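Please read the structure below before turning to the comments.
The values are calculated or read from the model by the stated rules, or taken from the named source; none is laboratory data. Since the structure is predicted, the reported quantities are computational estimates derived from the model, not experimental observations. Because the Cβ atoms are built from the backbone with ideal geometry, glycine has one as well, and the counts that use them run over all protein chains shown.
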């Protein structure tokens, strides 16, 4: 009689193998994903770490570049300031040699912070020969006069201080008046006669009638001419030749 058991076992084994192969084929992607998952995590961690290190490196480089740029800008400003200061000092010393009076060079070390007063403090005092009343100039013209003196410093009342006044004249027509400061820090030339020959652009100089002030020191130029409110004379707004807000170095006339 024909024995079917071997065939049945073979058939069963074949089906099992086929099912196993199908299962493996189906599960292969899942198995691969499971096996590769740790590798992906490690790769992602490495990539993130590299990105973080790169970002920190870029941040550090950026900070260093900013510091270098700031340093270059500061050095450039310093060089420009030194060049400007050197130019001012050269012009001042050149003027000092040509000036017809004895002077002492000084540097501004402080500025008056008052709302209505206009003054500076200089680094020369009575130990260097400075006296109260000394006239202060620059190579551009009149700056003011000394009003207080200490051992190694002095206070200068600037030309545009409300308490400052000096006799002045027009260089072109010789018309005379009084140049004084205003509360707002301007300069006006008053007491000009009604028929005074004066025009915008005229040069205003010291007349020499005020004590300690030599004649012919430039003050500024006429910026505007108007009649006095009473109608008996004229007055002029004067633009000073010296930049009184930025003056840094001066000469004190001692003789």
Among the listed residues 129, 185, 144, 125, identify the single one that is over 22 Å from residue 217 (Cβ atoms) and in contact (Cβ under 8 Å) with a residue 24 or more places away in the chain.
125
Quick check: is even one residue across the range 211-227 under 32 Å from the mean Cα position of the chain (by Cα), modelled with pLDDT under 95 and not in a strand (DSSP E or B)?
yes
